[in-house]
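S.K.: Let me begin by handing over the structure; questions about it come next.
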Amino acid sequence: MAADSEPELKLEIAHVLTIDVVAYSTLLIHDQSRVMAELTKIVRNAPRFRAAEAEGKLTRLPTGDGMALVFFGDPEAPIECAMQISTELKDRADIRLRMGIHSGPVNQILDVNDRSNVAGAGIDMAQRVMDCGDAGHILVSKRVADDLAPYSRWNRHLHDLGECEVKHGRKVSVFNFYSEKLGNPIVPKKLKLAQAQASESTRKRRRLLLAGSVILLLFCLGAGLFYFQFSRPVRRAIAVLPFIDQSPGKDQEYFSDEMTEELINTLMKIRGLRVAGRSSSFVFKNKSEDIRKIGKLLDVTHVLEGSINRAAGRVRVYAQLVEVATGHHLWAESYDANKQDALSLQSDVARKVARALRIELQLQESREIAKLATNDPEAYDLYLRGRHLLNKRTVESIRQALRLFQESITRDAQFALGRVGVADVYILLGKIGAMTGEEAAAHAWPEVSSALALDPELADGYVSRAILLNDFEWNWPAAEADFQKALALNPNSASAHHWYARHLAQAGRTEEALREISAALSDEPLSPTIRVAKGRILFLARRYEPAIQPCRHALELEPNFASAYQVLGQIYTQMGDFAQAIEATQKYVELSQTSGWSLLELAYAQAMAGNRAEADRIVQDVMARSVQFSPYDMATIHAATGDADGAIAWLE
């Protein structure tokens, strides 16, 4: 006789919120009943609870010291419900909760009373996540964090805690959800203890290794002296010079420039190769310089140069690799391609450059190099034109770039780089004062989140998100994590090193900031932007004399670089050299087209110099013209003129 077949389980994904009353068992019986009754009332009155119940998309389960709410259909329901419950309880010290959220499989069952119920791994995992927390914590699993992260509404409040060990030695990855008003920002005790134990274990291992290391070191010193006497490490560094536009109409400059930039970005993915950044390489655009001089200025061993001829839907690319020391051509090749084939040119050139330099590509590097940003050549062309305009840094060119980026993602909605381009437009408009920071962030956040959802390994996306977190949200821990993620994905990114250095300087971590800005300068030795950033970091550290030199070097590279004059004005003001401060700041105003930001810098310098009437006149001019300015700058001017009440009013 055949064995009875087991009933088939009908699994579905549910979104589970588990709630636990902390120290429930220590309460008196009467207090236990009261607390549970009041909690039940608060939960049942939560708008998210009522809506799900009315739609028949909620199942309630009692647990030992609390309850589990199982939502169906909407992954945001548990977190919204948790927020509503926390809001109601924030002034109730007598009811202390911890909550856990997970999305996972559940199945419908009949309980002992023959009533429909649910069970399954989704509920068990939510319970484990909750067990990692203390009073006030709203913890979510990694799966939930991944689902919520693409949305700015949630992303800024999710904080990675790493792994937490639960029952039977199992580990779960958890995130802490908190804001200024809700949740508990303190690391849970269970995780703190695990971190402390791990640190102690690490210290013990280090002590054990130390003795062996001393012996090994003595051996290595002897072997090393022998090795380095007969062998030197091969240093490989390359600059990609701007490709020349040889098209019949001479109208493909944007394509030549951005093909060059994409080659730089592709070569940066090769771990054994240092690549000079865009800003430094483009210093030599339309210039006939000796290869040896270029190599010395950029500190590279090789140069890649070439030309592009684009017409009638066809592209001819010529590229050659030159050894700086000898001037010998190590490799050269011509490519004839249509628009579609042009998308893969960079990867082919990168592989052949690596082969010529005797660099063996790892599997992951080969995959990264071969990965296409988009399969739509028209979308890619729009993106290249947008980047070309964005690099001009005028309000008009930035807005034109926005239109092109938007067209590119209209053609290919999966084009992650195009979405980063849109985000970068709004970030830049916000930073130069062409729109408010709130407006800029509101437009940029969805694009950055979508880009990283499409490509979680996109370094440019993490840099853009880090800038939003750092400069617009002031969420410095999350910003630092994104900067580090970007550098892990692309260690050669001068942009990531540069922005990370600014972040560290703002946090007062000057020495770390200087190391990062030095790394950026190593990749971009001729970038005036990065040189001024170094000057700004030294200025923030009150090292005024050393801060002058990088700004002066920036002006040698770009005589009309407004930011250099801005920082010089600030430096001379703090040094008490008001004549030079006013002169530098007036130049900043001139180059900034008398923006509100630059005028207030001048007003501050005048106020510090004791020229109160002139400072007041400038302030009145700014107010009368209704241009954008920083309230903080207004506060500093009032403080400099001794108007404490005015300063406080502007600070508020």
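S.K.: Determine, for each peptide in 78-88, 31-41, the mean count of other beta carbons within 10 angstrom over its residues, then list the peptides with the highest first.
M.R.: Details: 78-88: 21.5, 31-41: 14.4.
Most protected by this proxy first, the peptides run 78-88, 31-41.
S.K.: Label-point separation (nm) for GLU614 and ALA93, each offset 7 Å from Cα along Cα-to-Cβ?
M.R.: Roughly 5.8 nm, to one decimal.
S.K.: For helix 189-230, what angle does its Cα long axis make with the longest principal axis of the chain, in degrees from 0 to 90 and rounded to 10?
M.R.: For 189-230 against the chain, the angle is about 40 degrees.
S.K.: Moving on to the next point. For THR410 and LYS352, FRET efficiency with R0 = 41 Å and r from the beta-carbon atoms, rounded to 0.05? Please report the intermediate quantities before stating the final value.
M.R.: Details: r = 34 Å, r/R0 = 0.84.
According to the calculation, E is roughly 0.75.
S.K.: Can you list the lysines whose alpha carbon is less than 29 Å from that of LYS587, not counting same-chain residues fewer than 8 positions off?
M.R.: Straight-line reach from LYS587, under 29 Å: LYS285, LYS287, LYS392, LYS431, LYS534.
S.K.: Per 0.36 nm of contour for each residue apart, how much would the distance between ALA453 and TYR318 grow if the chain were fully extended, relative to their Cα-Cα spacing? Intermediate results must be reported in sequence, preceding the final value.
M.R.: Values: separation 135, 0.36 × 135 = 48.60 nm, distance 3.59 nm.
Once the chain is fully extended between ALA453 and TYR318, it gains 45.0 nm.
S.K.: Taking the Cα of LEU193, stepping 7 Å toward and past its beta carbon, and measuring to each backbone N in segment 151-165: which are under 15 Å?
M.R.: 164-165
S.K.: What FRET efficiency comes out for the pair ARG50/GLN506, r = Cβ-Cβ distance, R0 = 45 Å, nearest 0.05?
M.R.: About 0.55, to the nearest 0.05.
S.K.: Enter the angle in degrees (range 0 to 90, nearest 10) between the Cα long axis of helix 437-454 and the first principal axis of the Cα atoms of the chain, meaning the one along which they spread out most.
M.R.: Approximately 80 degrees, to the nearest 10.
S.K.: Percent of accessible area on the chain owned by carbon and sulfur, 1.4 Å probe? Kindly include the intermediate steps, with their values, before the conclusion.
M.R.: On the way: 17270 of 33010 Å².
Using a 1.4 Å probe with all protein chains present, the chain comes out at 52 percent carbon and sulfur.
S.K.: Here is a follow-up. Under the rule of at least 5 residues apart or a separate chain, name every residue whose amide H is placed under 5 Å from the amide H of LEU97.
M.R.: Excluding prolines and chain starts, which carry no amide H, the hits are VAL22, GLY136.
S.K.: Can you order the peptides 437-444, 51-58 by their average number of other Cβ atoms within 10 Å per residue, highest first?
M.R.: So the peptides 437-444, 51-58, ranked by packing, come out 437-444, 51-58.
S.K.: Now for a different question. Scan [x] 40.3, 153; [y] 26.5, 92; [z] 30.0, 105 for the value of Rg and Dmax of the Cα atoms in Å calculated from this model and give just the label.
M.R.: After the calculation, the listed value that fits is [z].
S.K.: Mean residue ellipticity at 222 nm from the helices of the chain, using -39,500 (n - 2.57) per DSSP H segment of n ≥ 4 over the full residue count, to the nearest 500 deg cm²/dmol?
M.R.: -18000 deg cm²/dmol, from helical runs alone.
S.K.: Report the full-extension gain for the segment GLU12 to ASP160: residue separation times 0.36 nm, less the Cα-Cα distance, to one decimal in nm.
M.R.: Once the chain is fully extended between GLU12 and ASP160, it gains 50.6 nm.
S.K.: Counting C-alpha atoms alone, how compact is segment 480-615: give Rg to one decimal and Dmax as a whole number, in angstrom.
M.R.: 15.7, 53
S.K.: Leaving out same-chain residues fewer than 8 places away, which aspartates and glutamates sit with a Cα under 18 Å from that of LYS41?
M.R.: Correct list for LYS41: ASP20, ASP31, GLU53, ASP65, GLU80, GLU88, ASP91, ASP94.
S.K.: Nearest 10 degrees, 0 to 90: what angle lies between the long axis of helix 631-640 and the longest principal axis of the chain (Cα atoms)?
M.R.: 70
The values are calculated or read from the model by the stated rules, or taken from the named source; none is laboratory data. The shown structure was predicted, so the numbers you read here are calculated from the model rather than taken from an experiment. Glycine also receives a Cβ, built like all others from the backbone with ideal geometry; neighbour counts cover every protein chain displayed. Accessible surface areas use protein heavy atoms only, side chains included; no ligands, DNA or RNA. Shrake-Rupley method; radii C 1.70, N 1.55, O 1.52, S 1.80 Å.
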